[in-house]
Amino acid sequence: MTIKTTLALTLFSLSFSTFAAISEYNAPEILARANIGDGYNLPPMSFLSNTSPVINNRGDVSFKLMAFNGENTQGLWLKRGIDESGKIVYSTDETKFVTDPSLNDAGVIAFNTYDDFASDGIFTFNGDSSEVKQVLKPANEDIAFYTYPQVLTNGKVYFRGTDQENARTYFQYDGSLKPIIAEGASSYGQKSSYLFKPYLNDSGAMAFKRRIGDVGQWDESNGDEILMLKPNGSSLEPVVIARDKDMDPNSVFRGFTNSASISKNNMVAFTAVLEDGTKALIRYKEGHLKNVVIEKSDGISEIEMFSPKINEQGQILFRAKDMDGKRGIYLADSKEVKKIVAEGDEVMTDLGMGKILSNPNFPGFGGDVDMNDHGEIVFYCLVVGAKDNKEWGSAVYKVSPKL
């Protein structure tokens, strides 16, 4: 099988397609707040920690709860786009943990429950019917852990499985289990020593980072590759997005952070480390790479080590610090970088005007951020009183573009 490579591993795009300008945004809208003595759309004694909320193109939002009602049980929260408020829709027992959810455009959440020894396969929750279904049971004894589950709107299930020997494989499940790529095996021209978190779009195209080498060769001196696999008939067509200097001496990249995201039209965003050690956000589009953001420019001092998200307009959502060291959530395209919200900003809460925690010793934001193709953004933060800095708990917000 021939592996397609990008036409230019440079920091400039040769594609002159026009992208829509970044919109102005409304003030953040609170969706839920967790605290010891009270809460909003959550019961008292609820706890969130580094929560990574997700949003689909219907405007549905879901996130994971570490505990609620003072019980040591984890759960999932959901607000459909058509609902006025959200609620807890799933809970575990005290012996189980639940993964961060994924959410498809049909309003179906995919998740996994697990304990210290094994996981329980893959489950879905249908937001429209409120039906919980176990779509994949752990019948394969070689798979100990099922991670990063995602269900496409066509019902196909994708996940990363880890076997008893701690080797990872990406799988597809549509009635039968089909391995896509496995550590230790030669796949798409190389052996993978480590497979990082995969991101899929609804057509089944997948983007991910892999480390090259034999099983267990995880040292940073091993080469890294950003790879996309695109459906082509009954097979997957590999496209090499980028390679680091350990793999290709002519590369301009010293390395990559661990996650790459993919849009519905097969654009890919990832964070690269350049030859001088600075980090840059890179966008791949139709065979070309574009340096969209680089540290020490556009008011950005540091790009944080969280997954960037890209939508079908080619806009990239990411977390970063400004020149004063304050964390913020930013949106960037080919023409501009816009700060959406930052530590210290005032935000409306159910208790009145508050603000996002700004403390040099503790981050005001946590977890990954997410964005849909309409530009709606969700994030997790810690909120305090606007006047007295009294702790009001942790919250999930949505930010929408102005019409």
Compute, for the stretch 117-251, the length of the dipole vector about the Cα centre, with Cβ point charges of +1 (Lys, Arg) and -1 (Asp, Glu) only. Units Debye, rounded to 20.
260 debye
Scan around M45 for amide H atoms under 5 Å from its own, H built in the peptide plane at 1.01 Å from N, and keep only partners 5 or more places away or cross-chain.
N35, I36, G37, D38
Order the following by accessible area, largest value first: H288, H374. Probe radius 1.4 Å; ligands, DNA and RNA are ignored.
H374, H288
Rg (Å, one decimal) plus Dmax (Å, integer) for the alpha carbons of the stretch 33-98?
11.7, 34
Using Cα pairs closer than 8 Å and at least 6 residues apart in sequence, work out the relative contact order for the chain, in percent.
16 percent
How big is the equivalent ellipsoid of the stretch 29-399 along its three axes, where each semi-axis is √(5λ) from the Cα gyration tensor, reported in whole Å from largest to smallest?
32, 27, 18
In what order, largest first, do S259, S176 sit by accessible area if the probe radius is 1.4 Å?
S176, S259
I'd like to know which of N57, L195, V108 lies farthest towards the positive end of the charge dipole of the chain, counting +1 on Cβ of Lys and Arg and -1 on Cβ of Asp and Glu.
N57
At 1.4 Å probe size, what's the solvent-accessible area of R254? Round to the nearest 10 Å².
130 Å²
Roughly how many Å is it from the Cα centre of the stretch 289-343 to that of the stretch 111-127, as a whole number?
33 Å
Using θ = phi - 60° and Karplus 6.51 cos²θ - 1.76 cosθ + 1.60, couplings along the stretch 357-367 (whole Hz; Gly, Pro as x):
3, 10, 9, x, 9, 8, x, x, 10, x, x
Identify, among Y40, N72, A182, the residue whose Cα sits farthest towards the positive end of the charge dipole of the chain, taking +1 on the Cβ of Lys and Arg and -1 on the Cβ of Asp and Glu, with the dipole about the Cα centre.
A182
Magnitude of the charge dipole, the chain, Cβ model with Lys/Arg +1 and Asp/Glu -1, debye to 20:
780 debye
For F365, what accessible area in Å² do you get when you roll a 1.4 Å probe over the heavy atoms of the protein chains, rounding to the nearest 10?
10 Å²
Links that overshoot a 18 Å alpha carbon limit, given the list K133/K178; K290/K335; K96/K156; K197/K279; K209/K296:
K133/K178; K96/K156; K197/K279; K209/K296
Could you order W218, W77, W392 by accessible surface area, starting with the largest, using a probe radius of 1.4 Å?
W218, W392, W77
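The values are calculated or read from the model by the stated rules, or taken from the named source; none is laboratory data. Just so it is clear, the model here is predicted, and its values are computed rather than measured. Virtual Cβ from ideal backbone geometry, glycine too; neighbours counted across all protein chains shown. Just the protein is used for accessible areas: all its heavy atoms, side chains included, with ligands, DNA and RNA removed. Shrake-Rupley method; radii C 1.70, N 1.55, O 1.52, S 1.80 Å.
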